[in-house]
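Visitor: Below is a structure I'd like to ask you about.
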Amino acid sequence: MNGDGADDSRASMLAVYAQVGENYRAMDDVRLRLLALLPLATGAGVLVLLGGHSVAAAIGVPVGVFGMVATISLYFYELHGVEKCAHYIDRGAKLEEDLGVPGSFIDRPHHIFGVVSELLPSALIYPASFAGWFFLALYHVGPAVRSLVTVAVLVVGAAASIVTIAVMEKTRPRRRAKLEGRRLARAVVLLAARKSLDEALAELLAHAQAWPAPPRRRAAAPNPGQAAAADTRQDD
């Protein structure tokens, strides 16, 4: 019986491990596609609009602003994807430890030279795309000012992106500890509420059992006339 329970538990862990791996690959694939398509879309948009060197400000400014807003929105989605991938990696590594197998989560490669990682492209591509759309929005400004401001936006954006990702990586254990604390507190509250409900139901049942039974209705005495009539019918 114990062997069957252990086999069922291992089978459940393997099923969860397969689901975690599938979710991680799906999210990583989405992030990779965005990183590949975003610079292509930015470069193509800027080249098409500036190819004739006659783009009007009424077109360049709104298109540039739209591109910047879209880039920032995709960057926020990328940060969320980074958090989800980190969660899947930690979860998969924990399952591999419990299963006793050296899988792809435990043995995954980490930083190269302590700097280059899968997060570095995110920290550079999104600011570069934002700077490209910013350059389009400022196309009718003087060339020198436009170039200097665009380079400044690129440098500041890349630095801010690198710092943001570094802070996320550093504070992730503390944020996860808080989340686990909230989950534990919620589970304790639900357990206490369920226990209180069970105690209330038990007390109600005890009171119901202690209630006196309702008195039985006494059978009505037979009518002498009806009894005589019944005897007469039996004699006939």
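None of the figures in this text is laboratory data; all of them are computed from the coordinates on show. These numbers were taken from a predicted model, which means no experiment stands behind them. Cβ sites come from the backbone with ideal geometry, for glycine too, and all protein chains shown count toward neighbours.
Visitor: When the chain is fully extended, how far beyond the present Cα-Cα distance does PHE76 get from VAL145, taking 0.36 nm per residue of separation?
Guide: Full-extension gain reported as 22.0 nm.
Visitor: Taking the Cβ of ALA18 as the center, what net charge do the other residues with Cβ under 13 Å away carry, scoring Lys and Arg +1 and Asp and Glu -1?
Guide: Result for the local shell: +1.
Visitor: Let me ask something additional. Any idea how far apart VAL16 and LEU205 come out in nm if each label point goes 7 Å out from Cα toward Cβ?
Guide: 3.2 nm
Visitor: Now a separate question. Fewest first, what order do HIS87, HIS140 take by the number of other Cβ atoms within 10 Å?
Guide: Details: HIS87 16, HIS140 11.
With the fewest neighbours first, HIS87, HIS140 line up as HIS140, HIS87.
Visitor: Please compute the length gained on full extension between ASN23 and ALA86, using 0.36 nm multiplied by the number of residues separating them and subtracting their Cα-Cα distance.
Guide: Full extension from ASN23 to ALA86 adds 21.5 nm.
Visitor: Obtain the nm distance between the two label points defined at GLU180 and HIS110 by a simple spin-label model: each point lies 7 Å from its Cα along the Cα-to-C-beta direction.
Guide: Label at GLU180, label at HIS110, 1.9 nm between them.
Visitor: Oh, and also: Ranked by Cβ crowding within 10 angstrom, fewest neighbours first, how are ILE59, ILE72 ordered?
Guide: Ranking ILE59, ILE72 by Cβ neighbours within 10 Å, fewest first, gives ILE59, ILE72.
Visitor: Could you work out the relative contact order of the range 2-193, using alpha carbon pairs under 8 angstrom and six or more residues apart, expressed as a whole percent?
Guide: 28 percent
Visitor: Ranking ARG91, ARG194 by Cβ neighbours within 10 Å, fewest first, what do you get?
Guide: The fewest-first ordering by Cβ neighbours comes to ARG194, ARG91.
Visitor: Classify the range 72-118 from the C-alpha gyration tensor, please: rounded if a/c falls under 1.5, else prolate or oblate depending on whether a/b exceeds b/c.
Guide: oblate
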